[in-house]
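In what follows, a structure is listed as structure tokens, so that the remarks can point back to it.
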Amino acid sequence: MKRSRAMEFGVGLFILVGVLGMVFLGLRVSGLSFSGPSNTFQLDAHFSNIGGLKPRARVSMSGVTVGHVESIELDTEWYDARVTLSLDSELEGQISRDATASILTSGLLGEQYVGLSMGGDPDMLEPGDTIRDTQSALVLEELIQQFISNMASN
Amino acid sequence: MTIKQGAVASRITRLGRRGCDLIESLGRAGVFLAQSAVGVPSAEGIRLWIRQLHFVGVLSLAIVLVSGLFIGMVLALQGYTILIDFGAEDALGQMVALSLLRELAPVVAALLFAGRAGSALTAEIGLMKATEQLTSMEMIGVDPLRRVVAPRFWAGVVALPILTVGFSVVGIWGGYLVGVEWLGVFEGSYWSNMQASVGFINDIGNGMIKSVVFAVVVTWIAVFQGYDLMPTSEGISRATTRTVVYSSLAVLGLDFILTAVMFGGL
């Protein structure tokens, strides 16, 4: 009987180790927070070239993450990329109509993200509106090509 | 001419018989799993399950954790020497965590589990069969599938995911020891890069799904090989070898398929 109690204690400890390990992985490794699914609203932005931007990439303003890229699709009317951004609802009605969205790269070879910067227009964007002022991704090949053709013409 | 035809015909017959045997044993294994694993356990069954969990889980913990520690340390050491060339040693935490959570923890823990617990399960059930304990159970009206196989199967299915979690945690800590304490990677960037790149559902969740699949497959192979073997000493030794070989191959093969589905963008 005594041995069986010790064994059951060991098994209980084993399961506890599993649960604690899962909590550690969740909180410390994946940085999960228990704030729950926060409310978001969506804005569109049209880019002529999105480079390597992917869905779920982060959207930041002054370096602070304020949302993520919801979806990317080709707009067949203008043949450019329509990027739907999903932003924290705290910013709803706070982004001016002449805000700029640009595709930036974190570090030299890092992943690409969308940077928002505010304008000065007193009118604000409503959910579902489109950001007019956008800056496409920097494509290294195009840059090099420009540089070489400039050099050749000089 | 006729002799040659006969030889060819017999060879084809043998091939066909082998194929039929394979399909038959696959079917037997499926029926065996359905009969033993499905059903409501009794209080006695739960007590047996706890005893088996102690055997396959608690007693495997040491080997799994020590392996995890060393694998995490080696990953950090190898990763550091490559990443430092690009000045990207801050990404060490991300590299260690992602390779452990997505691949190494589920696969290596399953391989260790097959060697440590799977082979023992096969030998134990096989010896019960060889000494006709299973037949005697049937004679006194106890279903050996429910009494012997079901607790072992469910213990394996529960134990391996827990072992995998332990493996990941200890591996990431080992990476931290080597990367941060020894090689001098900045501690903040080790953890923050990791948190920025590891998704709970995408990486940890998919790793756990892998681990559950491996647990079912490895334990299933182990208990079935034990139950289905030739009741001789040679049969037991062959079945134990088969358990380790089949489960290792199944784990590695399934890992490729699961990875292709989860991360391959299919």
Item to check | Condition met for B:ALA7 (surrounded by fewer than 16 Cβ atoms within 10 Å (Cβ to Cβ), of a type in the set (A, V, I, L, M) and over 30 Å from A:VAL11 (Cα atoms)) | outcome: yes
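Just the residues that are surrounded by 15 or more Cβ atoms within 10 Å (Cβ to Cβ) and in contact (Cβ under 8 Å) with a residue 40 or more places away in the chain, please, taken from the stretch A:53-73. Outline the logic, then answer.
We begin by selecting, within the stretch A:53-73, every residue surrounded by 15 or more Cβ atoms within 10 Å (Cβ to Cβ); these are A:53, A:57-61, A:66-70, A:72.
Within the stretch A:53-73, A:LEU53, A:ALA57, A:ARG58, A:VAL59, A:SER60, A:MET61, A:VAL66, A:VAL69 meet the criteria.
Hey, can you tell me all the residues within the stretch B:200-242 that are within 11 Å of the chain's Cα centre (by Cα) and not hydrophobic (A, V, I, L, M, F, W, C)?
Taking the stretch B:200-242 as the starting set, the residues that turn out to be within 11 Å of the chain's Cα centre (by Cα) are B:210-222.
B:LYS210, B:SER211, B:THR219, listed by residue number.
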Checklist outcome for this item: So, first residue surrounded by 13 or more Cβ atoms within 10 Å (Cβ to Cβ) in the stretch A:13-26, second residue part of a helix (DSSP H, G or I) and at pLDDT below 90, Cβ within less than 9 Å, six or more apart or across chains; the pairs are A:LEU25/B:PHE200; A:GLY26/B:PHE200
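Tally time: how many residues in the stretch B:60-84 are farther than 23 Å from A:LEU16 by Cβ and within 13 Å of chain A (Cβ to nearest Cβ)? Can you show your working first?
Let us first name the residues in the stretch B:60-84 that are farther than 23 Å from A:LEU16 by Cβ, namely B:70-71, B:73-84.
Keeping just the survivors that are within 13 Å of chain A (Cβ to nearest Cβ) gives B:83.
Count: 1.
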Item to check | Residue in the stretch B:163-172 that is open to solvent by 10 Å² or more (accessible area, probe 1.4 Å), of a type in the set (A, V, I, L, M, F, W, C) and within 10 Å of chain A (Cβ to nearest Cβ) present | outcome: yes
Item to check | Of residues in the stretch B:18-59 being of a type in the set (Gly, Ala, Ser) and not in a helix (DSSP H, G or I), the one nearest to the other protein chains (Cβ to nearest Cβ) | outcome: B:GLY57
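Listed here are the residues, each with its yes/no results for (1) more than 21 Å from B:GLN225 (Cβ to Cβ); (2) at pLDDT 90 or above.
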site	(1), (2)
B:HIS54	yes, yes
B:VAL58	yes, yes
B:GLY87	yes, no
B:MET95	yes, yes
B:ALA114	no, yes
B:SER136	yes, yes
Next on the checklist: I'd like the full set of residues that are part of a helix (DSSP H, G or I), of a type outside the set (Lys, Arg) and open to solvent by 30 Å² or more (accessible area, probe 1.4 Å), limited to the stretch B:223-239.
Outcome noted: B:TYR227, B:ASP228, B:SER233, B:GLU234, B:SER237
Checklist entry - Which of the residues that make up the stretch B:76-115 are crowded, with 19+ Cβ neighbours inside 10 Å and not hydrophobic (A, V, I, L, M, F, W, C)? => result B:GLY79, B:TYR80, B:GLU89, B:GLY93, B:GLN94, B:ARG102, B:PRO106
Checklist outcome for this item: For the stretch B:154-172 the number of residues that are over 12 Å from the mean Cα position of the chain (by Cα) and closer than 13 Å to B:ALA222 by Cα is 2
Checklist entry - With (1) open to solvent by 30 Å² or more (accessible area, probe 1.4 Å); (2) within 14 Å of chain A (Cβ to nearest Cβ); (3) touching a Phe, Trp or Tyr at 6+ places or on another chain (Cβ under 9 Å); (4) not small (Gly, Ala, Ser) as the list, and B:ASN206 as the residue in question, which single condition is left unmet? => result (1)
Item to check | Lone unmet requirement of (1) under 27 Å from A:GLY12 (Cβ atoms); (2) at pLDDT below 90 for B:ALA150 | outcome: (2)
Checklist outcome for this item: All conditions in (1) closer than 30 Å to B:ALA97 by Cβ; (2) at pLDDT 85 or above are true of A:ASN49 except (1)
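The values are calculated or read from the model by the stated rules, or taken from the named source; none is laboratory data. Keep in mind that this is a model prediction, so the values were computed, not measured. Heads up, the Cβs are rebuilt from the backbone with ideal geometry, glycines too, and the neighbour counts pull from every protein chain shown. In case anyone asks, the SASA skips ligands and DNA or RNA and just uses the protein heavy atoms, side chains included. Shrake-Rupley method; radii C 1.70, N 1.55, O 1.52, S 1.80 Å.
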